[in-house]
Amino acid sequence: MDNNYYDPADLRKFGKISEWGPELGEKFFDYYNSVFQEGALSAREKSLIALAVAHVVKCPYCIDAYTKDGLQRGITKEEMMEAVHAGAAIESGATLVHGVQMMNKYNKLSM
């Protein structure tokens, strides 16, 4: 038996979240499905964005889902990796820019 906190089989159970809150679950899935329709951005572009965000928020279910979705949409492994790096760059930049807050606090306290 595999002892992982995240069970890949749980991804297939995602739709069941509506069982404990049908009204909100239905609203969520309506919204979610609407977001990924073709619009100003293609479904392919949205899939790449979702894959990058999945890595930033560290959701293994989303990583699995949007890797599969990307493959089905013809997204290459190079495009996927570039999207992951774009997400990582934003995440690390967001962390580092908060260093300014630390620097400001340090300067204020050390006067």
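Output the residues belonging to segment 5-54 that are of a type in the set (Asp, Glu) and surrounded by 10 or more Cβ atoms within 10 Å (Cβ to Cβ).
Passing the criteria: Asp7, Asp10, Glu26, Asp30, Glu38, Glu45.
List every residue pair whose Cβ atoms sit under 8 Å apart, with the two residues 6 or more apart in sequence or on different chains, where the first one lies in segment 10-27 and is closer than 16 Å to Cys59 by Cβ and the second, anywhere, is charged (D, E, K, R) and assigned to a helix (DSSP H, G or I).
Leu11/Asp64
List the helices (runs of 4 or more DSSP H) that sit entirely inside segment 46-111 and contain at least 3 residues that are within 19 Å of Pro8 (Cα to Cα) and within 11 Å of the chain's Cα centre (by Cα).
Filter on segment 46-111 gives 60-72.
For the list (1) modelled with pLDDT under 95; (2) under 25 Å from Asn4 (Cα atoms), I need the number of the one condition that Met111 fails.
(2)
Could you go through segment 65-80 and let me know if any residue there is at positive phi and not basic (Lys, Arg).
yes
The values are calculated or read from the model by the stated rules, or taken from the named source; none is laboratory data. Given the structure is predicted, the values throughout are model-derived calculations rather than measurements. For neighbour counting, all protein chains shown are included, and Cβ atoms are generated from backbone atoms with ideal geometry for every residue, glycine included.
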